[in-house]
């Protein structure tokens, strides 16, 4: 199929893009890499009268460490994140999940902000943003605002961004100390969306106690699932107090309302999610012990 006709706009600045969104309202949609939007348009799952292409705006690209955070421009391609040495050091989890995203052709065109704004619950970046308590910087003709990750993902393919807002950058906190990170996902084939997956981070404090941890799952609901119960059970405990299998079981307590489709029942996805959470936690813990 082919998409319905639309007017194409190529603004020269973020301010101009925000102005176009303000002018056209819900009839307009931002286009970055197009790896999610274009297929939806082609299949007539979505239709917009105006597409505003921000993928070439240099002010939306780049990676920078600033004030204890890693700031990633919204139009930064996935492949740039995958290869950036600053990302690998500052936010290892972000670099670690990027090779899991589709195939290299997808990562060449897809962007960090595009994936996060698309908010597919089976995608990796939303889970990382949720686990690490990232912050989203948005701009409109009304001004600027920051949205916490906990408030950003509101449902299936839905976020807290207003129709006239441009996602400018995402800020990921940089963890210090003796830390480790891990990710695991299960897909039918390499490059497919994961049936279930998990990302984990841990900081080991004095005496081998878990000082901080983060655990989030994807593919198990309409949004990323933060495993709050598992995190609460782990913080303050010695690293060996809970087995990886116990961590996995606790992680999916918050994912009981799992999605069910032709690829797997809700119960199956929960079982896979528990296994992925256990694996991600084990990898994070091993890395922290080796640090």
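Could you please let me know if residue 111 is surrounded by 14 or more Cβ atoms within 10 Å (Cβ to Cβ) and either over 13 Å from the mean Cα position of the chain (by Cα) or within 21 Å of residue 200 (Cα to Cα) (or both)? Walk me through how you get there before you give the answer.
Numbers: surrounded by 14 or more Cβ atoms within 10 Å (Cβ to Cβ): yes; either over 13 Å from the mean Cα position of the chain (by Cα) or within 21 Å of residue 200 (Cα to Cα) (or both): no.
Considered against the rule, which asks whether it is surrounded by 14 or more Cβ atoms within 10 Å (Cβ to Cβ) and either over 13 Å from the mean Cα position of the chain (by Cα) or within 21 Å of residue 200 (Cα to Cα) (or both), residue 111 comes out as no.
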- Message: Taking the conditions exactly as written (in the same structural domain as residue 102 (by TED's automatic domain parsing) and surrounded by 15 or more Cβ atoms within 10 Å (Cβ to Cβ)), does residue 69 satisfy them or not?
- Response: yes
- Item | Qualifying positions in segment 256-274 - out of contact with any helix residue (DSSP H, G or I) (no Cβ under 6 Å at 6 or more places or on another chain) and either free of Cβ contacts under 8 Å to residues at least 12 places away in the same chain or in a helix (DSSP H, G or I) (or both) | 261, 262, 265, 266, 267, 268, 269, 271, 272
- Which of (1) crowded, with 19+ Cβ neighbours inside 10 Å; (2) in a loop (DSSP other than H, G, I, E, B) is the odd one out, the single condition residue 284 does not satisfy? (2)
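Hey, can you tell me all the residues within segment 180-212 that are on the phi > 0 side of the Ramachandran plot and within 17 Å of the chain's Cα centre (by Cα)? Please lay out each step first, then the result.
Of the residues in segment 180-212, the ones on the phi > 0 side of the Ramachandran plot are 191, 207-208.
Selection gives 191 alone.
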- Within segment 38-52, which residues are touching a residue at least 40 places away in the same chain (Cβ under 8 Å), at negative phi and surrounded by fewer than 16 Cβ atoms within 10 Å (Cβ to Cβ)? 42, 43, 47, 49
- Task: Pull up segment 141-160, narrow it to residues that are surrounded by fewer than 20 Cβ atoms within 10 Å (Cβ to Cβ) and touching a helix residue (DSSP H, G or I) at 6+ places or on another chain (Cβ under 7 Å), then point me to the one that is modelled with the lowest pLDDT.
- Result: 157
- Could you run through segment 214-230 and say how many residues are closer than 14 Å to residue 284 by Cα and either surrounded by fewer than 21 Cβ atoms within 10 Å (Cβ to Cβ) or free of Cβ contacts under 8 Å to residues at least 40 places away in the same chain (or both)? 0
- Note on the structure: With criteria (1) touching a strand residue (DSSP E or B) at 6+ places or on another chain (Cβ under 8 Å); (2) at pLDDT below 95; (3) surrounded by fewer than 24 Cβ atoms within 10 Å (Cβ to Cβ), residue 240 comes up short on (1)
- Being surrounded by fewer than 20 Cβ atoms within 10 Å (Cβ to Cβ) and in contact (Cβ under 8 Å) with a residue 40 or more places away in the chain narrows 174, 168 down to just 174
- Query: Limited to segment 175-218, what total is found for residues that are farther than 12 Å from residue 100 by Cβ, touching a helix residue (DSSP H, G or I) at 6+ places or on another chain (Cβ under 8 Å) and not in a strand (DSSP E or B)?
  - Reply: 1
- Task: Could you please find all residues in segment 195-213 being surrounded by fewer than 24 Cβ atoms within 10 Å (Cβ to Cβ) and touching a residue at least 60 places away in the same chain (Cβ under 8 Å)?
- Result: 195, 203, 204
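The values are calculated or read from the model by the stated rules, or taken from the named source; none is laboratory data. Just so it is clear, the structure is predicted and the values come from calculations on it, not from any experiment. Cβ sites come from the backbone with ideal geometry, for glycine too, and all protein chains shown count toward neighbours.
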